[in-house]
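All of the numbers you see were taken from the coordinates with simple rules; none came from a lab. It should be emphasised that the depicted structure is a prediction, and the values quoted were computed from it without experimental measurement. A quick note on method: Cβ atoms are made from the backbone with ideal geometry, for glycine too, and the neighbour counts reach across all protein chains shown.
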Amino acid sequence: MKQSRSELEADGWAFALHLYAQPGIADACLMLQDEAGVDVMMFLMTIFAAVRHRVLLTPAEIRELDEVCRPWREQIVQPLRALRTRLKTGPLPAPSSATEPFRSTIKAAELAAEQLQNQLLAERLPLRAPERDPLAPEDLRSVLRSVVTLALEKRPGKQLSDLQSSIDAIVDAAMQDTR
């Protein structure tokens, strides 16, 4: 039975939260975000398409998803993240117990913005008949390398090989959902 886009969005969000909560995955995702500029929400949706729907996105499809969500990411998600991160170190009166509730509010807004991005991605996710059943780790690894390679286009000097251990950790955790 084909899922509606709202069901796809809900499943994609639940999948992202579940995977992100696995040991070491948040750190691996943040490494890819910080070092390569990877859009973690798009990265997780790409994994969702492969693991749950057996759809391996092509580099062109990954680029299209990136184009769709880039304005939201750059104009909303990233500024919220920057503000939340900045409140960890200042300016005065931050960081303090008085500013922590405000920082928590910004963190909740950032999470809500990521959930809206998930909705946008689910609406544009190219779904088709399953391509791989069962999904092989190398298939998923290849798709994720494409996501990271796209992000690295804006980070000259960074190498995909430097990030491989993060990709591998995420692939290992994601493959647990296929068993």
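The protection proxy used here, the mean number of other Cβ atoms lying within 10 Å of each residue, ranks peptides 50-57, 35-42 as follows, highest first: 35-42, 50-57. Spin-label pair Ala60-Ala94: with each label point 7 Å from Cα along the Cα-Cβ axis, the two points sit 4.3 nm from one another.
Between the stretch 159-174 and the stretch 4-37, the C-alpha centres lie 14 angstrom from each other. Each Lys and Arg Cβ is given +1 and each Asp and Glu Cβ -1; about its Cα centre, the chain then shows a dipole of about 340 debye. The Rg/Rh ratio for the stretch 21-62 is 1.01, where Rg is the radius of gyration of the alpha carbons and Rh is the Kirkwood radius. Straight-distance candidates among the lysines for linking to Lys107, with alpha-carbon spacing under 16 Å and chain neighbours fewer than 8 residues away dropped: Lys88. Taking Cβ atoms as reference points and 12 Å as the exclusive limit, the residues near Gln22 contribute a net charge of -3, counting Lys and Arg as +1 and Asp and Glu as -1.
Taking the Cα centre of the stretch 85-153 as reference, the dipole from Cβ charges on Lys and Arg (+1) and Asp and Glu (-1) amounts to some 260 debye. What base-10 log of the normalised intensity I(q)/I(0) is obtained for the chain from the Debye formula, alpha carbons as equal point scatterers, at q = 0.10, 0.19 Å⁻¹? The Debye formula, applied to the Cα set alone, gives -0.40, -1.33.
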